[in-house]
Amino acid sequence: MPPTRRALLGTLGAAVLTTVAAAPAPGHPPAAPAPGSRPTAPAGGAGPAPAPCTPVPLRLPAPTGPWPVGTVALHLVDDSRPDPLLPAKPYRELMAGLWYPAEPGAGHPTAPWLPPAAAADWDAHSAPALGVPAGAADWQGIRTHARTGAPVARRAGRLPVVLFSSGDGGSRALGTTLVEELASRGHLVVALDSTYEADQVEFPGGRVERALPLPDDLTPEVIAALLAGHSRARLADARFVLGALDRLARGDRPDTGTDPLPDGLAEAADPARTGVLGQSLGGSVAAQLAHDEPRVRAAADLDGALLAPVADTGLAKPFLLMASGSKTLRTEPSWASCWAASTGPRHALRLRNAAHGSYTDLQVLLPQLVRRLPVPDPAGLIGTVDPRRSLAAQRTAVAAFFARYLTGRPTGFLDRPGDDWPELEVLR
């Protein structure tokens with residue numbers, strides 16, 4: 001029998017970190033649990049059901065904003081520091097996806113949800129941790145609605161910036177439905193991968209860097225140290241990217257690794273209007289970055305528990321918290337302490353009947369699989385909320401938050417969603 005690897009279930013929103021079993025094949029790296037926050041293996045230790053003969057096709061819902069969307073992937077190297085997660089490497093290497101309002105027109109292909117090598121790795125390692133057998137779903141066939149390299153829409157003017165990061169262990173692709181929505185509404189969104197923490201990160205040329213193996217003995221102290229280390233790495237990555245955006249606005253053109261920058265991108269970013277958005281650990285990092293960085297105006301946290309020091313000191317800037325399940329500001333200690341200490345505008349919404357994974361693209365992808373596959377416990381991952389309503393509520397709330405605090409467009413939606421949104425409850 002191959003050795004059992006205990007994996008981290010990083011559901012920071014519940015502030016509960018448990019271990020699950022995953023059995024890697026001998027001689028191969030341990031299968032990285034996935035996504036959004038390293039979910040559990042199928043209940044009872046049973047493996048996934050056999051794959052169907054034909055992979056299930058999967059689709060992402062189109063964004064609803066007025067602008068077509070463009071995208072480009074950036075390969076960024078920070079040679080001012082060793083890699084915080086792999087110290088033997090003398091520099092930090094990142095992949096980021098930029099999403100923006102684009103000029104209409106043909107000639108630019110739509111981007112894949114995951115690039116080919118990363119999609120193959122996801123299929124082999126991450127999907128089975130969800131109970132989806134390798135080969136059962138056509139992960140490589142998922143297309144976004146963004147056209148690779150399309151010119152930036154000139155009429156959109158200077159674009160407010162939003163940095164996005166996913167949950168612990170998750171790919172940046174898991175936020176695509178929200179990222180595309182913000183871009184279609186006139187934002188430049190920078191989605192970051194955390195190399196050696198994310199399940200897989202594909203670099204130019206098809207090189208894939210996988211998550212580092214977790215320690216065997218995941219005591220609460222070890223887990224806390226891991227999360228603190230991941231948080232520090234992401235904060236440093238975000239500061240580096242903020243600096244890259246500043247340089248981009250001054251005309252510096254970073255090497256994308258494969259393609260030239262799209263026309264108009266260098267002139268489009270408005271770093272003076274920057275917000276941060278994250279799910280799970282990404283939400284915790286978003287709050288901390290807003291606390292630390294004068295360049296950040298506002299932060300939105302999708303179901304992520306908060307880490308010190310922001311959990312204790314609170315925020316003096318606009319803050320949006322979106323919760324799942326039965327969680328409230330009183331049941332989550334880090335939320336309660338941050339809320340009490342905060343002096344800036346703050347809003348809290350709960351998505352009824354949602355689960356932690358509802359704030360990822362699994363909300364719309366898993367229901368498509370469940371029709372064809374016996375996926376174990378989908379409700380445990382994405383709740384029982386109607387997927388279409390869940391996504392619409394998330395898109396509307398997040399877009400309203402950044403419209404209010406990055407572009408100055410007033411809205412009362414965050415404090416009073418109204419009868420049209422029974423899925424949303426305002427937390428006090």
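Yes or no: Val370 in contact with a helix residue (DSSP H, G or I) (Cβ under 6 Å, 6 or more places away or on another chain), at pLDDT below 95 and open to solvent by less than 20 Å² (accessible area, probe 1.4 Å)?
Against the criterion (in contact with a helix residue (DSSP H, G or I) (Cβ under 6 Å, 6 or more places away or on another chain), at pLDDT below 95 and open to solvent by less than 20 Å² (accessible area, probe 1.4 Å)), Val370 does not qualify.
What is the one condition in (1) open to solvent by 40 Å² or more (accessible area, probe 1.4 Å); (2) closer than 29 Å to Gly325 by Cα; (3) of a type outside the set (Lys, Arg); (4) modelled with pLDDT under 90 that Ala249 does not satisfy?
Of everything listed in (1) open to solvent by 40 Å² or more (accessible area, probe 1.4 Å); (2) closer than 29 Å to Gly325 by Cα; (3) of a type outside the set (Lys, Arg); (4) modelled with pLDDT under 90, Ala249 misses just condition (2).
Taking region 382-398 as the region of interest, how many residues are under 16 Å from Leu365 (Cα atoms) and either modelled with pLDDT under 95 or of a type in the set (S, T, N, Q) (or both)?
3
Restricting attention to region 167-179, does a residue exist that is out of contact with any helix residue (DSSP H, G or I) (no Cβ under 7 Å at 6 or more places or on another chain) and open to solvent by 10 Å² or more (accessible area, probe 1.4 Å)?
The answer is yes; a qualifying residue exists.
Does Arg147 qualify as being in a helix (DSSP H, G or I) and either over 24 Å from Asp303 (Cβ atoms) or out of contact with any Phe, Trp or Tyr (no Cβ under 9 Å at 6 or more places or on another chain) (or both)?
no
Looking at region 385-424, which of its residues are among the aliphatic types (A, V, I, L, M) and in a helix (DSSP H, G or I)?
If the condition is that a residue be among the aliphatic types (A, V, I, L, M) and in a helix (DSSP H, G or I), then Leu391, Ala392, Ala393, Ala397, Val398, Ala399, Ala400, Ala403, Leu406 are the ones that fit.
On the basis of being under 28 Å from Trp67 (Cα atoms) and at pLDDT below 95, does Asp193 make the cut?
Numbers: under 28 Å from Trp67 (Cα atoms): yes; at pLDDT below 95: no.
It is false that Asp193 is under 28 Å from Trp67 (Cα atoms) and at pLDDT below 95.
List every residue pair whose Cβ atoms lie under 7 Å apart, where the two residues are 6 or more positions apart in sequence or sit on different chains, the first residue falls within region 408-421 and is free of Cβ contacts under 8 Å to residues at least 40 places away in the same chain, and the second residue, located anywhere, is surrounded by 10 or more Cβ atoms within 10 Å (Cβ to Cβ) and not hydrophobic (A, V, I, L, M, F, W, C).
Pro410/Arg404; Thr411/Arg404; Phe413/Thr396
Say we look at region 139-153 and pick out the residues that are among the small types (Gly, Ala, Ser) and surrounded by fewer than 24 Cβ atoms within 10 Å (Cβ to Cβ); which of these is nearest to the chain's Cα centre (by Cα)?
Gly141
For the structure I just gave you, tell me whether Gly105 is open to solvent by less than 10 Å² (accessible area, probe 1.4 Å), at pLDDT below 95 and not in a strand (DSSP E or B). Please lay out each step first, then the result.
Details: open to solvent by less than 10 Å² (accessible area, probe 1.4 Å): no; at pLDDT below 95: yes; not in a strand (DSSP E or B): yes.
Taking the combined requirement at face value, the residue does not satisfy it.
From Ala129, Ala156, grab the single residue that is open to solvent by 10 Å² or more (accessible area, probe 1.4 Å) and closer than 18 Å to Leu381 by Cβ.
After applying the criteria, what remains is Ala129.
Within region 324-367, track down each residue that is assigned to a loop (DSSP other than H, G, I, E, B), in contact with a Gly (Cβ under 6 Å, 6 or more places away or on another chain) and open to solvent by less than 30 Å² (accessible area, probe 1.4 Å).
Across region 324-367, the qualifying residues are Ser342, Ala354, Ala355, Thr360.
The values are calculated or read from the model by the stated rules, or taken from the named source; none is laboratory data. From a predicted model like this one, the values you see are computed outputs, not experimental measurements. Because the Cβ atoms are built from the backbone with ideal geometry, glycine has one as well, and the counts that use them run over all protein chains shown. What goes into the accessible areas is simple: the full protein's heavy atoms, side chains included, and nothing from ligands, DNA or RNA. Shrake-Rupley method; radii C 1.70, N 1.55, O 1.52, S 1.80 Å.
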